[in-house]
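Chemist: Have a look at this one.
The values are calculated or read from the model by the stated rules, or taken from the named source; none is laboratory data. These numbers come from a predicted model, not from an experiment. Quick reminder, even Gly has a Cβ in these numbers, built from the backbone with ideal geometry, and neighbours come from all protein chains shown. Note: accessible area is taken over every heavy atom of the protein model, side chains too, but ligands, DNA and RNA are not part of it. Shrake-Rupley method; radii C 1.70, N 1.55, O 1.52, S 1.80 Å.
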Amino acid sequence: MQSSFDRLITEGLSASRANQTQAALACFTQASQEQPQSGLPHFLIGTEYAQAGLVQEAELAFANAVLLSPNMSIARYQLGLLQFSSDRLAMALVTWQPLLALPEDDPLRQFVLGFSALGQEALDAAIVCFQKGMALNQSNPPMNRDIELVLAQIARLRGEAPPLAPSSRAAGAPAESEDQMHVLLANYQPGGNPH
């Protein structure tokens with residue numbers, strides 16, 4: 001028999017897949033009250049807020065997930081991404097620090113190394129890490145699509161043609177338009193802070 005917590009998580013995920021954000025948030029919030037020691041509902045709340053463009057709310061929810069479940073690597077990664085995207089590289093690096101202890105073949109470790117190199121304007125090193133992470137990441141295709149967008153933006157910043165995005169093309173997804181560009185590098189300019 002499924003527990004009340006598991007039922008709420010399942011219902012929230014179903015609502016999320018149906019783009020019913022408020023229903024999903026209600027389920028995840030209730031799940032967090034059922035098991036206040038679990039970081040999972042907070043992570044899922046953060047995901048909903050991030051998809052809705054509510055960055056501050058998403059950051060708070062991801063931070064709660066990391067506080068409650070420090071070993072939830074994906075929550076830590078997402079929290080760091082939000083910090084990185086809001087021009088707080090030092091804070092992102094502190095958040096990501098435990099991910100650098102992951103095995104060499106963990107894609108999150110490679111992505112964090114890539115963003116760290118990007119923050120130091122070491123674009124070639126960032127590209128290598130991002131590509132290595134994408135090759136290692138077989139379980140989370142949306143994460144690879146985000147990194148493909150980052151690589152495309154790096155290419156544009158260098159005045160190069162954006163690389164083909166094999167994972168999204170293979171899945172039959174349409175090419176991303178400029179206004180759909182992931183927030184991470186939208187304002188990044190080499191030699192200066194994002195504006």
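Chemist: Looking only at segment 129-143, count how many residues are surrounded by 15 or more Cβ atoms within 10 Å (Cβ to Cβ) and at pLDDT 95 or above.
Modeler: Residues meeting the conditions: 7.
Chemist: Test residue 153 against the stated conditions and say whether it is closer than 23 Å to residue 82 by Cβ, in contact with a helix residue (DSSP H, G or I) (Cβ under 7 Å, 6 or more places away or on another chain) and modelled with pLDDT of 65 or more.
Modeler: The answer is yes for residue 153.
Chemist: Is segment 163-176 home to any residue that is of a type in the set (Asp, Glu), at pLDDT below 95, exposed (fewer than 15 other Cβ atoms within 10 Å of the Cβ) and over 23 Å from residue 62 (Cα atoms)?
Modeler: So far as segment 163-176 goes, no, none of its residues is of a type in the set (Asp, Glu), at pLDDT below 95, exposed (fewer than 15 other Cβ atoms within 10 Å of the Cβ) and over 23 Å from residue 62 (Cα atoms).
Chemist: Which condition number does residue 64 fail, the rest of (1) touching a residue at least 24 places away in the same chain (Cβ under 8 Å); (2) closer than 21 Å to residue 101 by Cβ; (3) in contact with a His (Cβ under 8 Å, 6 or more places away or on another chain) being met?
Modeler: (2)
Chemist: Moving on. Got at least one residue in segment 39-48 being at pLDDT 95 or above, in contact with a Gly (Cβ under 9 Å, 6 or more places away or on another chain) and open to solvent by 70 Å² or more (accessible area, probe 1.4 Å)?
Modeler: Scanning segment 39-48 turns up no residue that is at pLDDT 95 or above, in contact with a Gly (Cβ under 9 Å, 6 or more places away or on another chain) and open to solvent by 70 Å² or more (accessible area, probe 1.4 Å).
Chemist: For segment 106-124, which positions are more than 20 Å from residue 88 (Cα to Cα), modelled with pLDDT of 95 or more and surrounded by fewer than 22 Cβ atoms within 10 Å (Cβ to Cβ)?
Modeler: Hit for segment 106-124 is 106, nothing else.
Chemist: Contact list please: Cβ distance under 6 Å, first residue in segment 119-140 and under 18 Å from residue 106 (Cβ atoms) and free of Cβ contacts under 8 Å to residues at least 24 places away in the same chain, second residue part of a helix (DSSP H, G or I) and open to solvent by 50 Å² or more (accessible area, probe 1.4 Å), pairs at least six apart or on different chains.
Modeler: 129/113
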